[in-house]
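Each remark here refers to the structure printed beneath this line.
Bear in mind these aren't lab numbers, they're just calculated from the coordinates by the rules spelled out. Predicted, not measured: the structure shown is a model, and the values here were computed from it. Here the Cβ positions follow ideal geometry from the backbone for every residue, glycine too, while neighbour counts run over all protein chains shown.
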Amino acid sequence: KWSKFILIFSHHRPFGLRVAFKQVLRVIKEHDAFDLRHGVKTGTIVKNEIHSGNYMWYSPVYTSVVKEMINFSSEFWRSGDVYSNLQKKSVFCDLGGGLGKPAIVAFQTGKFDLVISVDIDKELVDWSNKNFDTIKNRSQKSNRLKHSNLISMRGNVESEKDIETIFQKIESEINSKNYTLFVFNKNSYGSSVLNNSLKFLSKFCPGSIIYMYQNPVH
């Protein structure tokens, strides 16, 4: 645990003590505090073998970034897409979900009828499922968020069959084709993979799509 902070401090030390300390505190606030508060493990970088240079290894996203992306897009949806159709449902799908942090944040907002995290790595999917079990157990005990489900599944965003399976899962869970799909992606893949995933998402999605994409790496 401490080795992580030492590495962060050492990396930023050439820019000054203040910068180095500030970055360590930011990581604690954005990663470790989230895991400690919710009893999960999402703040670990996982560098499993990746077969494409277009894919990124798992690196946890800042909590504040996830919240800002979700809040901005959901307000856009409420003021536009759902304004003329109050019965329309909303589904959050994180493509390249890793250990499930964005999905947990989305689940806890209570804004979505279904939350799904999808990743190509089986180890990450199994790990995120453990995190989701913890979150769901806590929410049930506090009688909160029972209307929303939280799911992790394995899938390749460039596979037409896998994308179709995701939509089949969505419609079986919410029993409706009347929904807006919120797709979340933070640093999981570059533009070529993005274009392939958009092609299949557009093919199978029965309604509108709001795509939350941020990738300073690619």
Original post:
When Lys and Arg each count +1 and Asp and Glu each count -1, what net charge do the other residues less than 14 Å away from G207, Cβ to Cβ, add up to?
Top reply: +1
**OP:** Among V193, Q168, G80, flag the residue with its Cα farthest along the positive direction of the charge dipole of the stretch 71-218, charges on Cβ as +1 for Lys/Arg and -1 for Asp/Glu.
**Re:** G80
**OP:** Write down the percent of antiparallel bridges among all DSSP beta bridges whose residues are both part of the chain, to the nearest 5.
**Re:** 10
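As a quick test, which of the pairs K29/K101; K101/K122; K4/K29; K89/K122; K101/K177 have an alpha carbon distance above 18 angstrom in this structure? Write down the numbers at each step before the final one.
Values: K29/K101 14 Å; K101/K122 16 Å; K4/K29 14 Å; K89/K122 29 Å; K101/K177 26 Å.
K89/K122; K101/K177, as the Cα separations exceed 18 Å there.
Could you calculate the FRET efficiency of R26 with S3 from 1/(1 + (r/R0)^6), where r is the beta carbon distance between them and R0 is 22 Å, rounded to 0.05? Spell out each step's value before the answer.
Details: r = 18 Å, r/R0 = 0.80.
Given R0 = 22 Å and the Cβ-Cβ separation, E is 0.80.
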Original post:
Out of residues 5 or more away from T180 or on other chains, whose amide H comes under 5 Å of its own, with H placed 1.01 Å from N in the peptide plane?
Top reply: K89, S90, V91
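Tally Lys/Arg at +1 and Asp/Glu at -1 over every other residue whose Cβ is under 13 Å from the Cβ of F34; what's the total?
Working: positive: R26, K29, R37, K41, K67, K101; negative: E30, D32, D35.
Here the charged neighbours net out to +3.
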Original post:
How much length is gained on full extension from N215 to R37, taking 0.36 nm per residue of separation minus their Cα-Cα distance?
Top reply: 61.3 nm
**OP:** Name the residues whose placed amide hydrogens come within less than 5 Å of the amide hydrogen of S152, ignoring near sequence neighbours (fewer than 5 apart) on the same chain.
**Re:** S117
Subject >> Ordering of 91-102, 35-46, 14-25 by packing [mean C-beta count within 10 Å, highest first] >> reply: 91-102, 35-46, 14-25
Original post:
Taking the Cα centre of the chain as the origin and placing charges on Cβ (Lys, Arg +1; Asp, Glu -1), which of G96, G43, L17 is farthest toward the positive end of the dipole?
Top reply: L17
Original post:
Which value in deg cm²/dmol, rounded to the nearest 500, describes the helix-derived mean residue ellipticity at 222 nm for the chain, given -39,500 (n - 2.57) per DSSP H run of n ≥ 4 and division by the residue count?
Top reply: -15000 deg cm²/dmol
**OP:** Please give the length that would be gained between I45 and N85 if that part of the chain were fully extended, namely 0.36 nm times their separation in residues minus their C-alpha to C-alpha distance (nm, one decimal).
**Re:** 10.3 nm
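Please state the charge dipole magnitude for the chain, taken about the Cα centre, from unit charges on C-beta atoms (+1 on K and R, -1 on D and E), reported in debye and rounded to the nearest 20.
Dipole about the Cα centre, nearest 20: 860 debye.
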Subject >> Cα pair distances exceeding 20 angstrom across the stretch 65-218, given as percent >> reply: 46
